[in-house]
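Below is one structure; the comments refer to it alone.
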Amino acid sequence: MPSHGKMFDGLLEALPDALVGVDPSGVIRFVNRQAESVFGHARDDLIGAPLEMLVPGSLAQVQGHSDTQASAPSGPQPGTELELNGLRADGTDFPANITLSPMDTGAGMLVVVSVRDRTHREGPQPNGNGRRADRLLALVEHSDDAIIEKTLDGTITSWNPGAERMYGHSSREMIGKPIQVLSADGTDEMTDILARIGRGEDIDHLETDRRRKDGTVFRVSLSATPLRDADGVIVGASTITRDVSEARQAFEVARSMIETSQDSLVALNPEGRITDVNEATVRLTGVPRDRLIGTSFSDYFTDPRKADEVYQRAVGDETTVDYQLTLRHHNGRENITEVLYNATAYRDTQGNVLGLFAATRDVSDQRKAAQYARSLLEATMESLVAISPDGKITDTNQAMVKLTGIPRDQLIGTSFSDYFTDPQEAERVYQKVFEHGSVTDAQLTMHHVNMHDSEREVLYNASVYRDANGATLGVVATARDITQQMQAQREKAEQQAAEQGRLEELERFQRLTVGRELKMIELKKEIEYLRKFGAPNGGDAGEQY
C-alpha cells in the first residue's frame with residue numbers, strides 16, 4: 001500500500017486552484033481556502049449556498065454531469081472542462097476554466113468543481129494534469145485525515161477540514177501558528193521531523209501523541225513528505241495525520257486478552273514464520289520471545305513436516321481443529337509436550353492470506369489423566385461402554401470385546417442394542433435411562449460372536465453423563481456377564497427339584513410301609529386276643545385266618 005506522501009504527490013501544483021464540492025442539486029457542500037480567496041466569500045457563507053452564486057450558468061452543467069456519472073455502468077469518468085465566468089463577492093466577474101469531476105463519498109455522489117482564474121493566464125493547463133490536481137485537492141478537502149502544510153520552521157500554511165475535526169481548531173485559528181502547539185508534551189519532536197524533511201527524508205507512519213484544542217491527548221499515525229518549489233527546492237512539509245487512538249486502545253485490550261490466555265497463541269506470516277507470541281508460548285517452548293520472533297513455528301515440533309501440513313491446510317482454508325502434535329520444550333533436557341494445534345488464516349478484502357493465528361494447548365496433563373482413567377477402565381472385569389444419545393457406541397473397554405467377541409474398532413459406531421437377542425427390549429431399557437437418569441440390574445441376553453454364536457446373560461446398568469451446563473452427552477453402561485452364575489442357579493434349581501421328587505417318593509414309600517406294619521401289629525394283637533380268650537363258636541382262632 002503506498003504511503004500518504006506518495007498518494008498526494010503533486011499536491012503543491014494543485015493548491016492554487018479554487019475547489020468547490022457540490023451535490024447533484026447544485027448546493028455547495030465544501031470549499032477550500034483558495035475558493036474563499038478567489039471569490040471573496042467566507043467558508044461559512046459558501047456552505048449551503050448554490051453554486052450559481054459563484055459560477056452563473058453552471059447548474060445545468062453540474063446536474064447533467066452528475067446524472068451522466070450516476071448512469072455510467074463503470075462508475076465516475078474523467079471530468080469535463082468548461083469555460084465560464086466566475087462572480088466575486090464584490091460583484092466583479094472573471095473568466096475561468098471550470099473542471100467537473102465526480103467523487104463518490106460513500107454517502108452519495110458529489111461533483112468537485114475546480115475553478116481557475118484565467119485573467120492573468122495564457123490558457124488552461126493540460127487536461128490530464130488539471131484533472132489529477134482536481135482529484136488530489138478533492139481528497140485533501142474531503143479527507144477524514146488531518147492534512148497540514150507548514151514551512152520548514154514549523155509555521156502552518158494549510159489546514160484542511162479533517163484537521164479542524166481532529167484537533168478542534170479552525171483554519172483561521174491555525175494558519176500562521178507554529179506546528180509545535182499540537183505537541184502533547186511541548187517537546188521539539190516536530191522540529192526533529194522538519195529537520196529530516198529538510199534533508200529530503202520521508203516520514204512514514206510514525207506513531208506519536210498529539211493534543212486537541214480541549215486539552216485531550218490522543219494517539220496518531222503521522223506521515224510527512226517534503227514540499228518543493230518550481231525549482232525543486234524543499235520549502236516546507238505536508239503531513240497527514242490519522243487518529244489511531246481507538247485502534248490503539250482496541251489493540252491494547254486484545255493484547256491484554258492474548259497475554260491472559262492459558263493457551264499458546266502465535267501470529268505467523270504467510271511463510272510460516274513467527275511475528276508475535278504471548279507469554280504462554282514462551283513457557284511452552286522455553287524460548288524467549290525475542291528469539292522466537294522470525295523463526296519457523298513448525299521447527300518447534302518433533303515432526304516439522306506434519307506441523308507444516310497443518311499450516312498449509314489453514315492457508316488453503318481447511319479446518320484445522322484440535323490437531324494432535326508434539327512440541328519440544330528447550331529446558332536443557334529438551335522435554336516434549338503433547339499439544340492440540342488449531343490454526344486459522346486471516347485475509348485482506350481480496351481474500352489474500354496476510355498470515356495465520358495459531359493456538360496450541362498443552363494437553364500432556366489431560367493425556368496422562370486420560371491414560372490413567374483408561375487403565376482403570378481396562379482393569380475392571382465388567383464390560384464398559386459409552387453410548388451417544390442416538391444409541392451408537394463411542395468407546396468401550398477390552399472386557400466388552402471379550403463379551404461380544406467383536407474387536408473394539410468394529411464396535412465403535414455401531415448400535416449397542418443390536419448386540420442383544422431382543423434389540424427392542426434393549427432399546428426400551430436404553431430410553432428408560434434418559435427418562436430416569438439411570439437403570440439398575442436390567443437382565444438381558446447378549447450375542448457372543450464365535451463359531452457357535454453363543455449367548456451371554458448380562459445385568460445391564462447405565463446412567464447418563466452430562467457436560468458442565470447439564471446437557472446430556474450420552475450414556476455410560478456396564479454389562480455384567482452372569483451366564484455362569486445363572487447356569488449355576490439353574491443347575492442348583494434342577495438338583496433341588498430332583499431331590500424334592502426323591503423325597504416325595506420316599507415319603508410315599510414310607511407311608512405305604514408304615515401302613516403295612518401297622519396292619520400287621522393289629523393282626524398280631526387280634527390273634528393274641530383270640531388265643532387268650534378263645535375263638536367265637538369254639539373254633540380255633542387261627543382257623544379264622
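Before moving on, here are some points about what is shown:
- Residues in region 285-302 that are among the hydroxyl-bearing types (Ser, Thr, Tyr) and not in a helix (DSSP H, G or I) were compared, and the one that is farthest from Thr360 (Cα to Cα) is Thr295.
- When region 479-515 is filtered for residues that are touching an Asp or Glu at 6+ places or on another chain (Cβ under 6 Å) and either among the basic types (Lys, Arg) or not in a helix (DSSP H, G or I) (or both), the ones remaining, listed by number, are Arg480, Ile482.
- Considering residues of region 312-341 that are part of a loop (DSSP other than H, G, I, E, B) and more than 22 Å from Gln262 (Cβ to Cβ) only, the residue modelled with the highest pLDDT: Gly316
- With respect to the conditions (1) within 17 Å of Ala386 (Cβ to Cβ); (2) of a type in the set (D, E, K, R); (3) without any contact (Cβ under 8 Å) to a residue 24 or more places away in the chain, Arg480 lacks only one, and its number is (3).
- Any hit, region 488-504, residues being surrounded by 10 or more Cβ atoms within 10 Å (Cβ to Cβ), under 30 Å from Phe420 (Cα atoms) and in contact (Cβ under 8 Å) with a residue 12 or more places away in the chain: no
- Filter result (charged (D, E, K, R) and not in a strand (DSSP E or B)) within region 452-478: Asp453, Asp467
- Taking region 415-436 as the range and being surrounded by 14 or more Cβ atoms within 10 Å (Cβ to Cβ) and not in a helix (DSSP H, G or I) as the test, the residues that pass are Ser415, Phe420.
- Strands (runs of 3 or more DSSP E) wholly inside region 175-246 that include at least 1 residues being surrounded by fewer than 16 Cβ atoms within 10 Å (Cβ to Cβ), in contact with a strand residue (DSSP E or B) (Cβ under 8 Å, 6 or more places away or on another chain) and among the basic types (Lys, Arg): 217-228
- Residues (closer than 21 Å to Ala247 by Cα, of a type in the set (Asp, Glu) and in contact (Cβ under 8 Å) with a residue 12 or more places away in the chain) located in region 159-213: Asp204, Glu207, Asp209
- Residues located in region 421-468, provided they are among the small types (Gly, Ala, Ser) and within 24 Å of Gln410 (Cβ to Cβ): Ala426, Ser454, Ala462
- Restricting Arg212, Arg199 to residues that are more than 30 Å from Arg29 (Cα to Cα), at pLDDT 90 or above and in the same structural domain as Asp229 (by TED's automatic domain parsing) narrows the list to Arg199.
- Single unsatisfied condition, Phe30 versus (1) outside any strand (DSSP E or B); (2) of a type outside the set (Ser, Thr, Tyr); (3) modelled with pLDDT of 70 or more: (1)
- Residue check, Thr191 of a type in the set (S, T, N, Q), within 19 Å of Leu227 (Cβ to Cβ) and in the same structural domain as Asn160 (by TED's automatic domain parsing): yes
- Ala462 passes every criterion in (1) over 60 Å from the mean Cα position of the chain (by Cα); (2) at pLDDT 80 or above apart from (1).
- Scanning region 259-314 for residues that are in contact with an Asp or Glu (Cβ under 7 Å, 6 or more places away or on another chain), charged (D, E, K, R) and surrounded by 14 or more Cβ atoms within 10 Å (Cβ to Cβ) yields a single hit, Glu279.
- Checking Ala358 against (1) modelled with pLDDT under 80; (2) within 17 Å of the chain's Cα centre (by Cα), the condition it does not meet: (1)
The values are calculated or read from the model by the stated rules, or taken from the named source; none is laboratory data. Source: prediction; values computed, not measured. Positions of Cβ are backbone-derived with ideal geometry, glycine not excepted, and every protein chain shown enters the neighbour counts.
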